[in-house]
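Here's the structure we're looking at; comments come further down.
The values are calculated or read from the model by the stated rules, or taken from the named source; none is laboratory data. None of the values given here were measured: they were computed from a predicted structure. Neighbour counts run over all protein chains shown; Cβ positions are idealised from the backbone, glycine included. In case anyone asks, the SASA skips ligands and DNA or RNA and just uses the protein heavy atoms, side chains included. Shrake-Rupley method; radii C 1.70, N 1.55, O 1.52, S 1.80 Å.
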Amino acid sequence: MNDLDLLRRYEPILRFTKGEAFFPVRVDGYVRACDLWLREPNGAAKLLVPAGRLDLEMLAHYDEQRPGYQPYLRFVQEPLEGLEYQRWLLRKDRSAFSTSGRLARVGLGARLIDAAFSLSLLLRGTVPGGTTAAAEQKYRAMLLPEPRYTYYGRVLRQSGYIILHYLFFYVMNDWRSSFYGANDHEADWEQLFIYLEDCDGEPGRPVWLAYAAHDESGDDLRRRWDDPALAHVGDHPVVYVGAGSHACYFLPGEYLTRVEIGFLQPLFTAAHVLERIWRNTLQQGDPQKLAQRLEGALSIPFVDYARGDGPVIGPGGDQPWDPVLITPDMSWLEQYRGLWGLETGDPFSGEKAPAGPKYTRSGTIRETWYNPLGWSGLAKVAPPTTAPALLEQHIAALNDEVDAVRRQVDVLREALPRL
């Protein structure tokens, strides 16, 4: 079975929330519709390539990463304004989204923090109003000739696992403007992993799943494949996608997400250091978890709606997948280290566009690209095929240690009367 067939055998089923306007697409049409800009250290922006003249091959040539200089794409050249924007809001074919107030779920302190956050949008770099509307119009025009819904996929083999890596590209993250979330930004890369047993180079049964959600990492991002709470359709796992944010979840629901305020991060760090000193060095308990409570009180609550009551993409869904296998000759993926949307200069970072699937904003390689086992906390978990042998080795080593301790006890017991 080749890599593309393997990806197709387990390709996920994405269930979206009613009201979602953007779905995974190929990047080539997006890039053709974008300008390419360069943000300089003084904050000035310089146009490098205008929309209509850029393609993936040309994008790969902008691979230089100089300190203070940030290349970025811009999808929306002119946001909708005034009457045109109101017409877009009221059009009949627009899928409606409704919800109760998210702040009804939190306390007064969090509401005051949220009010300050809303005021900050007037002062910091944010995605201009009407960008979502203009992006949706351009996105619909991209799909008109041939509607296709795409994931990019690759297969890795590491430490006894065969790893299926699925990547999804959205032209817009409209979490703030459409779903009362934390941020808007052009372009959005999301991803998930399926981990199979590696049986002497051949794929075995799937054993783990790991979904990306809001730049989190570690053990909380993964579940066992046979977890009875998870939904599958045959060999295809069901994924519930956050409305606008496009974060991936294992179960349908409305997820309360807290966003930390950037300039308060030193305070949170100091609180955790003091907590560790109090608990570990001074051997005092912390039943109130004061640092965690402080962090929660001074962060901003938002709801990520992953209801799964909207369109479904994948096997048996409303639309099938049109997959693209990632290969080494994809120069745009290997070489372009810039951003994939408008660079706003937001000091809180929430409204900044993302980097690509391989590189971070600073140009370094993402952990999800080179170490998907470490990212999901699986580097310390042996595959089922090798776990029994490793456990036997560990038990044998412990028995040897016990025997050595017993011999030492015997020597000391014999020496004790002579003392």
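Give the residue that is most open to solvent (accessible area, probe 1.4 Å), with candidates limited to residues of the range 35-51 that are over 16 Å from ALA187 (Cβ atoms) and in contact (Cβ under 8 Å) with a residue 24 or more places away in the chain.
Restricting to residues being over 16 Å from ALA187 (Cβ atoms) and in contact (Cβ under 8 Å) with a residue 24 or more places away in the chain, the top hit is PRO41.
Just checking, which of LEU143, LEU123 is at pLDDT below 85 and among the aliphatic types (A, V, I, L, M)?
On inspection, the qualifying residue turns out to be LEU123.
HIS61 passes all but one of (1) buried (at least 17 other Cβ atoms within 10 Å of the Cβ); (2) in contact with a helix residue (DSSP H, G or I) (Cβ under 8 Å, 6 or more places away or on another chain); which number fails?
Every condition holds for HIS61 apart from (1).
Can you list the helices (runs of 4 or more DSSP H) lying wholly within the range 319-419 that have 3 or more residues being surrounded by 10 or more Cβ atoms within 10 Å (Cβ to Cβ) and among the acidic types (Asp, Glu)?
On the way: elements: 331-335, 367-370, 372-375, 387-415.
Of the helices (runs of 4 or more DSSP H) lying wholly inside the range 319-419, those with at least 3 residues that are surrounded by 10 or more Cβ atoms within 10 Å (Cβ to Cβ) and among the acidic types (Asp, Glu) span 387-415.
Being among the acidic types (Asp, Glu) and either more than 29 Å from LEU339 (Cα to Cα) or in contact with a Pro (Cβ under 7 Å, 6 or more places away or on another chain) (or both) is the filter here; which residues of the range 355-410 pass it?
Passing the criteria: GLU392, ASP400, GLU401, ASP403, ASP410.
Output yes when any residue across the range 204-222 is open to solvent by 60 Å² or more (accessible area, probe 1.4 Å) and in contact with a Phe, Trp or Tyr (Cβ under 9 Å, 6 or more places away or on another chain), and no when none is.
Yes: one or more hits.
Can you pull out the residues in the range 185-203 that are among the hydrophobic types (A, V, I, L, M, F, W, C), crowded, with 19+ Cβ neighbours inside 10 Å and in contact with a Ser or Thr (Cβ under 8 Å, 6 or more places away or on another chain)?
Matches in the range 185-203: PHE193 only.
Go through the range 148-182 and count every residue that is assigned to a loop (DSSP other than H, G, I, E, B) and small (Gly, Ala, Ser).
Going through the range 148-182 one residue at a time, the tally reaches 4.
Does at least one position in the range 299-317 carry a residue that is closer than 30 Å to GLU78 by Cβ, modelled with pLDDT under 90 and not aliphatic (A, V, I, L, M)?
Yes - at least one qualifying residue is present in the range 299-317.
Quick check, is GLY244 under 21 Å from TYR161 (Cβ atoms) and either crowded, with 19+ Cβ neighbours inside 10 Å or at pLDDT below 95 (or both)?
Spelling it out, it is not the case that GLY244 is under 21 Å from TYR161 (Cβ atoms) and either crowded, with 19+ Cβ neighbours inside 10 Å or at pLDDT below 95 (or both).
Please find, among ALA382, ALA389, the residue that is at pLDDT below 95 and either at positive phi or in contact with a helix residue (DSSP H, G or I) (Cβ under 6 Å, 6 or more places away or on another chain) (or both).
ALA382
Quick one: in the range 1-24, which of the residues that are in a helix (DSSP H, G or I) and in contact (Cβ under 8 Å) with a residue 60 or more places away in the chain is most open to solvent (accessible area, probe 1.4 Å)?
Filtering the range 1-24 for residues in a helix (DSSP H, G or I) gives 3-9.
When the remaining residues are screened for being in contact (Cβ under 8 Å) with a residue 60 or more places away in the chain, the result is 3-4, 6-9.
Numbers: ASP3: 53, LEU4: 62, LEU6: 3, LEU7: 1, ARG8: 92, ARG9: 108 Å².
Among those residues, the one meeting the criterion is ARG9.
Quick check, is ALA415 among the small types (Gly, Ala, Ser) and within 22 Å of SER159 (Cα to Cα)?
no
Picking from GLY285, GLY262, GLY296, which residue would you name as being at pLDDT below 75, over 30 Å from PRO147 (Cα atoms), among the small types (Gly, Ala, Ser) and touching a strand residue (DSSP E or B) at 6+ places or on another chain (Cβ under 9 Å)? Give the derivation first.
Numbers: GLY285 fails: touching a strand residue (DSSP E or B) at 6+ places or on another chain (Cβ under 9 Å); GLY262 fails: touching a strand residue (DSSP E or B) at 6+ places or on another chain (Cβ under 9 Å).
Every option except GLY296 fails the conditions.
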